[in-house]
Amino acid sequence: MNLKGIGAHLPRPRSQRGELSEYMPKRGKLARGRYWARWRVYGRQADGSESAKRAEKIIDRDVAEQLGFTLDYAGPLTKTDARRALDKLIRDSNARPAAFTSRVTFGELAQEYVHLNKPNWGENTARASENLIQVHLINSLGARPVKELTDSELQYFINGYVERGSSVSVLSKLTMYLRAILDAALDRGLIERNPARKLRAKSRKRASNLSHTAEECGALFAAVSGRDHVAVRILVQLGLRSEELFALRRNDVGAGELIIDEAVVNGRTKEPKTLASASAVYLPSDLEIELRHYLETIDSSRTAWLFPATRKTVPMRPGNFLRRVLKPAAIRAGVAITEDEKGNQTTGLNFQSLRRTSSTLFGARAKDPKSTQAHMRHADPHVTLRHYQQAIPSEAKAAAIALEAELLTHQREQLQKRQRLLADVSTAHIV
């Protein structure tokens, strides 16, 4: 019989006074009124065994007042009051042993965080955030008990993403969600401090600021025709977001304007991104004429999609249009050409670069930055400008007309160049 084990599973009171000193290792004597305190925090593991952990804290006047002590004197904290503060710290820490007995995993806490916050996220944010937390955080750290995570382990985890060339956006989201999830653990008393509080993550990947010149846009226009030509012109000239473009219906085409009142996300319609996004945008004359001709080729129903998918009853998916139309057209036009790892030609052109192009080209021709904000329909004026002003509709209209004229000029030049090349090839073949 193991006599020492008798009663080991029974709780028993612990009496301790802790240690209080005016000296601290590696720092020497502390300033007057500051004391280095140490004590033990006891807990019981799932198997019934007892554990103890050393805790320490520097106690001064501010700490004593935060603990609820009223000091009726000015100046540094006395050692007597420091002892009273230490006694309270001992009582409080040993009254909350969850941080040393809980086996809650990071994955369980992360799932709980998602379920609590998802109702307050927008549809795009919910989809992206839930995927990021699941794929990058839960799949890697999910099995780890929250109380065992350390600063160095989390920093090493983030460093792996830095070395793999992750973007600024991905790194900022990873650190933000790590801190938020572990803050929830701190609030529940599962940990004493947040190990993600001081995470550092500096991306080695430069943020994309790709935009295209008017000449490149003209070449892109010349590389597409029909429905695709209309869609590309709207993206460049009007600066629509992809989810707004493919949510357009016949009844959104007005006299000299295009009404933006819907967006399509994951095949479902919703309100546009911001209140400012829901508005009518000026439709330049030549683009309106081409759009009217295009309307004669599609379903005549007022609510018919302007750019339907093959099934006609649903709008085209932006990803399909990007992959099947935009990217190949950009490669044919020689716009933003790069090479992938296998040496194949690809392009950096995408919906974001076209929207950035619209802002750049329009802004260069507008007389005031507020017109560019109105053109881009930004909710926050700081996105496009630094000062609040009222947009001037006549100037916004003049800039749109000037931009259209220049883009069409470049398109004609590209078509004429292509016709000359074909003529030269035909002549050489006859000879």
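Quick note: the coordinates plus some simple rules give every number you see, no bench work behind them. Here the structure is a predicted model, which means the values were calculated and not measured. Every residue, glycine as well, gets a Cβ built from its backbone with ideal geometry; the counts of neighbours run over all protein chains shown.
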Quick note on Leu415, Leu89, Leu361, ordering by fewest other C-beta atoms within 10 Å, gives Leu415, Leu89, Leu361
GNM of the chain, Cα pairs under 10 angstrom: of Ser21, Ser358, Ser152, the biggest fluctuation goes to Ser21
Hits for the chain under the membrane-span-like helix rule (DSSP H, Cα axial span at least 30 Å, Kyte-Doolittle mean at least -0.5) are 393-430
If unit charges are put on Cβ atoms (+1 for Lys and Arg, -1 for Asp and Glu) and the dipole of the chain is taken about its Cα centre, the option from Met316, Ala280, Leu89 lying farthest towards the positive end turns out to be Leu89
Over all viewing directions the Cα convex hull of region 106-187 casts an average projected area in nm² of 5.3 nm²
The size of the Cβ-based charge dipole (Lys, Arg +1; Asp, Glu -1) of region 214-424 about the Cα centre, to the nearest 20 debye, is 440 debye
Mean Cβ-within-10 Å packing, highest first, puts peptides 287-293, 256-262 in the order 256-262, 287-293
Looking only at lysines whose Cα falls under 20 Å of Lys202's and that sit 8 or more positions away or on another chain, we get Lys173
About its Cα centre, the chain carries a charge dipole, from +1 on Lys and Arg Cβ atoms and -1 on Asp and Glu Cβ atoms, whose size in debye to the nearest 20 is 1960 debye
Output for region 214-424 (equivalent-ellipsoid semi-axes, sqrt of 5λ from the C-alpha gyration tensor, Å, descending) is 26, 22, 18
If one builds a Gaussian network model of the chain from Cα atoms under 10 Å apart, the most fluctuating residue listed among Ala304, Ala333, Ala37 is Ala37
Taking region 279-329, the equivalent ellipsoid from its C-alpha gyration tensor has semi-axes in Å, biggest first, of 21, 17, 11
Exposure proxy check on Thr346, Thr357: fewest-to-most Cβ neighbours within 10 Å is Thr346, Thr357
Its Cα gyration tensor gives region 300-374 an equivalent ellipsoid whose semi-axes in whole Å, largest first, are 26, 26, 8
Across 10 Å bins beginning at 0, the whole-percent shares of Cα-Cα pair distances in the chain come to 4, 15, 19, 18, 14, 10, 10, 7, 3, 1, 0, 0
Checking rank on 126-136, 418-428, with mean other Cβ inside 10 Å and highest first, the result is 126-136, 418-428
Residue-normalised 222 nm signal for the chain, counting each DSSP H run of n ≥ 4 as -39,500 (n - 2.57), nearest 500 deg cm²/dmol, is -13500 deg cm²/dmol
So for R0 = 30 Å, FRET eff. of Glu406-Ile298 from the Cβ-Cβ r, to 0.05, ends up at 0.55
Sorted by chain and then number, the residues having a modelled amide H within less than 5 Å of the amide H of Thr347, at least 5 places away or on another chain, are Thr338
If one builds a Gaussian network model of the chain from Cα atoms under 10 Å apart, the most fluctuating residue listed among Val63, Val170, Val253 is Val63
Between Lys26 and Arg188, Cβ-based FRET efficiency (R0 41 Å, step 0.05) works out to 0.80
